[in-house]
Amino acid sequence: MGKLLAVAVLGMAAALAAERLLAFRNRLNAAREIDPVTLPNCQLIKGIERGSEDIDILPNGLAFISSGLKYPGLKSFAPDKPGEIFLMDLNEEKPRAVELRISRGFDLASFNPHGISTYIDKDDTVYLFVVNHPHQKSTVEVFKFVEDDNSLVHLKTIRHDLLISVNDIVAMGPDSFYATNDHYFSDFILMFLEMFLGLTWSNVVYYSPKEVKEVAADFYSANGINISPDKKYIYVADILDHKVHVMEKHANWNLTHVKTLQLDTLLDNLSVDPDTGDIWTGCHPNGMKLFYSDPENLPASEVLRIQNILSEEPVVTRVYADDGSVLQGSSVASVHGGKLLIGTVFHRALYCEL
């Protein structure tokens with residue numbers, strides 16, 4: 001009887017593991033292949049060789065680019081080098097990426113930048129918020145941008161028990177923001193188990209010096225986050241559920257669910273065109289390829305444009321798609337004045353004229 005029970009338990013465990021593996025592969029779109037969608041006027045950006053994970057563009061056309069992310073389980077072309085923040089002036093005829101100098105006193109050696117967001121204060125001061133992972137922890141670094149000498153002055157480091165595994169951020173003021181935690185755990189093995197078991201323990205947190213609280217929950221992996229031009233709605237990408245969630249923002253900073261848009265790709269960061277309200281997103285058509293990063297089967301790139309997301313029938317357009325031969329693992333797409341920047345987790349960056 002004992003042996004029969006043991007066999008039965010092992011059988012159930014094996015069946016559960018097989019079911020979870022199949023579900024995990026489906027969440028990663030492991031079988032998906034894409035047809036290319038090319039743009040006529042694109043070129044790789046010189047100087048960006050090891051990632052351009054997030055991009056945020058100011059209304060005046062200055063684009064900030066985070067580079068050098070080292071994320072558990074994903075490839076890095078320079079694992080021993082600290083991260084960087086680049087600046088591009090999209091008003092130039094031939095824009096180029098320039099590394100921003102960071103003020104003394106900031107720990108550059110452990111700089112591991114992830115999601116970024118800008119905020120322009122009433123006095124025109126530009127603040128840059130950067131999700132940082134020093135020593136695989138999560139902090140938010142707040143910088144002041146000094147345009148005259150292309151530098152960032154470090155103002156503060158923000159840590160909090162609710163900022164566990166921060167992925168992306170959208171600034172709400174000079175010292176407040178919404179942030180996504182893409183996992184409940186920060187340990188890599190526990191993070192993997194969380195994904196494999198399909199636990200919906202990811203969330204969105206609101207932070208200010210006066211109040212820190214969870215404002216949305218039950219995501220598989222909350223990733224990109226941004227805000228509508230009228231400041232009424234927050235958009236959240238759940239990368240493992242292939243969805244964009246529209247949340248209404250309230251005066252007390254709480255969020256309530258409005259609607260969900262289901263897609264067939266792994267959405268990463270979200271950018272919002274301030275003129276049209278369109279959402280642009282860099283996506284991973286096949287997440288399994290992103291994790292394996294096989295040189296014979298490269299991770300692909302995909303850019304979607306979402307128009308009229310609040311309507312009953314939003315329009316979703318595949319603007320760009322590549323099998324990895326040009327651009328591997330696209331994580332962000334951001335537009336300004338007919339120009340498109342496409343960034344990646346660990347690879348290069350693309351500049352296109354639309």
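A short reminder: the numbers here are calculations on the coordinates, not readings from a lab. Note that the coordinates shown come from a computational prediction; the quantities given were computed from them, not determined experimentally. With ideal geometry, Cβ positions are generated from the backbone for all residues, glycine too; neighbour counts draw on all protein chains shown.
Numbers for the structure displayed
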{"read-out": "GluC sites (Glu not before Pro) restricted to region 267-345 and DSSP loop, no more than 15 other C-beta within 10 Å", "value": "Glu296, Glu312"}
{"read-out": "Rough spin-label spacing in nm, given labels placed 7 Å along Cα→Cβ, for Ser208 and Leu310", "value": "2.2 nm"}
{"read-out": "Degrees between helix 2-27 axis and first principal axis of the chain (Cα, 0 to 90, nearest 10)", "value": "30 degrees"}
{"read-out": "Cysteines without a disulfide-compatible neighbour (Cβ-Cβ under 4.7 Å), the chain", "value": "Cys283"}
{"read-out": "Virtual spin-label span in nm between Gln136 and Leu354, 7 Å along Cα→Cβ", "value": "3.9 nm"}
{"read-out": "Cleavage-rule hits, chymotrypsin sites (Phe, Trp or Tyr not before Pro), region 47-150, DSSP coil, Cβ neighbours within 10 Å at most 11", "value": "none"}
{"read-out": "Alpha-carbon centroid distance for the pair region 36-93 / region 228-242, whole angstrom", "value": "22 Å"}
{"read-out": "Charged-residue dipole, Cβ positions (Lys, Arg, Asp, Glu), region 219-354 about Cα centre, Debye nearest 20", "value": "340 debye"}
{"read-out": "Extension gain from Asp89 to Asp107, taking 0.36 nm per residue of separation minus the Cα-Cα distance", "value": "3.8 nm"}
{"read-out": "Within region 151-256, GluC sites (Glu not before Pro) in DSSP loop having at most 13 other beta-carbon neighbours inside 10 Å", "value": "Glu211"}
{"read-out": "Label-to-label distance, nm, for residues given as Val153 and Lys232 (7 Å Cα→Cβ offset)", "value": "3.8 nm"}
{"read-out": "FRET efficiency for Ala31 and Leu190, using Cβ-Cβ distance with R0 set to 30 Å, rounded to 0.05", "value": "0.65"}
{"read-out": "Positive-end residue, the chain charge dipole about Cα centroid, Cβ charges, pick of Val319, Val205, Ile189", "value": "Ile189"}
{"read-out": "Estimated 222 nm signal from helices in the chain, with DSSP H stretches of n ≥ 4 weighted -39500 (n - 2.57), rounded to 500", "value": "-3500 deg cm²/dmol"}
{"read-out": "The chain, relative contact order [Cα under 8 Å, separation at least 6], %", "value": "17 percent"}
{"read-out": "Simple Cβ-charge dipole of the chain, Lys/Arg +1 and Asp/Glu -1, about Cα centre, in debye nearest 20", "value": "820 debye"}
{"read-out": "Residue exposure sequence - Ile34, Ile225 - by fewest surrounding Cβ within 10 Å", "value": "Ile34, Ile225"}
{"read-out": "Pairwise FRET efficiency - Leu21 versus Asp123, Cβ, R0 = 45 Å, nearest 0.05", "value": "0.25"}
